[in-house]
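This report concerns only the one structure given below.
The values are calculated or read from the model by the stated rules, or taken from the named source; none is laboratory data. It should be emphasised that the depicted structure is a prediction, and the values quoted were computed from it without experimental measurement. Cβ: placed from backbone, ideal geometry, glycine included. Neighbour counts: every protein chain shown.
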């Protein structure tokens with residue numbers, strides 16, 4: 001199944017709150033005939049747009065190919081959260097790669113967050129960053145670990161932005177009776193993800209990159225000057241960057257072995273009275289294995305992400321997401337749902353991102369595992385650095401231990417579904 005078209009109409013954004021509140025680019029022309037470039041970028045999400053921007057700023061000629069519209073995929077549909085660090089905690093990373101590399105990875109996570117802030121400010125983007133992300137614990141057993149982790153980050157990494165919250169403090173901020181406490185990360189934040197994608201695209205165009213929309217890549221011919229073919233033309237380039245993430249399909253089997261697409265879903269309520277669910281403008285992610293994440297929109301709607309579905313076709317979105325939303329906020333039983341949408345992201349087995357040299361002049365970055373707003377943006381910059389001959393950060397990321405998914409392309413989805421069903425059962429049993 002081609003996930004580019006499984007749940008969406010060609011060239012159309014989903015009917016999301018984000019699409020309803022952002023001004024898209026004028027449609028960029030599809031690729032026609034044969035062209036040449038220093039670099040051909042495949043994918044118009046954060047990774048590809050950031051790579052195109054940073055390459056163009058360095059003087060490279062860039063052609064970016066997007067199968068739909070820029071920001072069409074996960075980059076325009078996600079929860080908008082920007083946090084430091086990697087997707088998993090530093091204790092686990094230290095066990096995987098040792099203290100020295102773990103420290104470098106922590107710095108890369110900080111650099112990723114700071115790059116988003118810098119780009120938003122430098123290009124006067126229409127997506128201001130609101131400060132603060134809360135981690136909310138469902139179980140009392142999670143609180144000692146959260147406090148110990150905050151102490152570790154302060155002691156070993158000099159990160160002092162984590163504020164422990166007991167149950168009363170958390171519920172003063174999040175009107176959800178089930179949470180037992182948590183942590184407020186003052187160094188994290190959130191933004192409007194689709195406006196951010198559009199702003200990156202405008203910055204890349206202004207820097208001289210050429211973007212082709214409705215340009216589905218059908219083949220890549222490797223060689224000293226790879227050729228990237230679409231249905232209506234081709235680009236011959238010195239370098240190719242794969243930035244398609246969950247929508248890569250089988251274009252590069254080497255990447256597909258390490259990176260797997262999954263779907264996630266968000267709904268937007270009607271505008272709510274002040275203080276109904278959140279008393280501040282913080283985003284929230286909780287401790288469930290199938291994570292609930294949410295924040296308020298500018299017009300005080302609850303944007304709530306969650307729910308489970310293990311097929312590639314989207315389920316009944318309102319029904320799927322409303323159930324966990326009401327578990328968190330039972331006071332919303334009679335609240336109207338105005339928007340519901342799904343999207344495809346990509347995960348790796350250990351939730352660390354996948355940076356890979358597919359060939360001598362073909363680079364790939366993907367698999368951000370739900371932590372992509374910041375990491376994908378920095379990945380684009382790292383890919384641009386690597387093309388320019390500065391590969392230290394790419395080399396660090398590409399040596400991360402990334403096991404392949406068991407079962408290959410045919411069986412990996414059913415096997416993941418079994419695992420996710422088990423962990424979601426543990427959530428429901430309170431284990």
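Tabulated results
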{"quantity": "Qualifying residue in the stretch 314-323 (condition: over 27 Å from residue 105 (Cα atoms) and surrounded by 24 or more Cβ atoms within 10 Å (Cβ to Cβ))", "calculated": "yes"}
{"quantity": "Check on residue 311, closer than 25 Å to residue 181 by Cβ and at pLDDT below 95", "calculated": "no"}
{"quantity": "Verdict on residue 103 being more than 30 Å from residue 218 (Cα to Cα) and either in contact with a strand residue (DSSP E or B) (Cβ under 6 Å, 6 or more places away or on another chain) or not assigned by TED's automatic domain parsing to the domain that holds residue 327 (or both)", "calculated": "yes"}
{"quantity": "Every residue from the stretch 122-145 that is surrounded by fewer than 18 Cβ atoms within 10 Å (Cβ to Cβ) and closer than 13 Å to residue 284 by Cα", "calculated": "131"}
{"quantity": "Wholly within the stretch 1-86, helices (runs of 4 or more DSSP H) carrying at least 2 residues that are within 19 Å of residue 219 (Cα to Cα) and in contact (Cβ under 8 Å) with a residue 40 or more places away in the chain", "calculated": "3-6"}
{"quantity": "Looking only at the stretch 242-269, and only at residues there that are farther than 22 Å from residue 6 by Cβ and in the same structural domain as residue 300 (by TED's automatic domain parsing), the one that is surrounded by the fewest Cβ atoms within 10 Å (Cβ to Cβ)", "calculated": "268"}
{"quantity": "Criterion: in contact with a helix residue (DSSP H, G or I) (Cβ under 9 Å, 6 or more places away or on another chain) and closer than 28 Å to residue 406 by Cβ - qualifying residue of 304, 289", "calculated": "289"}
{"quantity": "Filtered residues of the stretch 285-299 (kept if under 19 Å from residue 16 (Cα atoms), buried (at least 22 other Cβ atoms within 10 Å of the Cβ) and in contact (Cβ under 8 Å) with a residue 60 or more places away in the chain)", "calculated": "293, 294, 295"}
{"quantity": "Candidate set from the stretch 87-131 (those that are free of Cβ contacts under 8 Å to residues at least 60 places away in the same chain and assigned to a loop (DSSP other than H, G, I, E, B)); member that is farthest from residue 300 (Cα to Cα)", "calculated": "98"}
{"quantity": "The stretch 90-125, residues that are more than 22 Å from residue 49 (Cα to Cα) and under 18 Å from the mean Cα position of the chain (by Cα)", "calculated": "105, 106"}
{"quantity": "Single condition residue 142 does not satisfy, out of (1) at pLDDT 95 or above; (2) more than 23 Å from residue 373 (Cα to Cα); (3) out of contact with any helix residue (DSSP H, G or I) (no Cβ under 6 Å at 6 or more places or on another chain)", "calculated": "(1)"}
{"quantity": "Count of residues meeting criterion [in contact (Cβ under 8 Å) with a residue 60 or more places away in the chain, in a strand (DSSP E or B) and over 22 Å from residue 53 (Cα atoms)] in the stretch 191-229", "calculated": "1"}
{"quantity": "Residue that is in contact (Cβ under 8 Å) with a residue 24 or more places away in the chain, touching a strand residue (DSSP E or B) at 6+ places or on another chain (Cβ under 8 Å) and assigned by TED's automatic domain parsing to the domain that holds residue 372, where the choices are 282, 239", "calculated": "239"}
{"quantity": "Residues (in contact (Cβ under 8 Å) with a residue 24 or more places away in the chain, touching a strand residue (DSSP E or B) at 6+ places or on another chain (Cβ under 8 Å) and part of a helix (DSSP H, G or I)) located in the stretch 345-399", "calculated": "372, 373, 374, 376, 379, 380, 382, 383, 387, 394, 397, 398"}
{"quantity": "Index of the failed condition, residue 69 passing every other in (1) at positive phi; (2) out of contact with any strand residue (DSSP E or B) (no Cβ under 6 Å at 6 or more places or on another chain)", "calculated": "(1)"}
{"quantity": "Any hit, the stretch 172-186, residues being assigned by TED's automatic domain parsing to the domain that holds residue 50 and part of a helix (DSSP H, G or I)", "calculated": "no"}
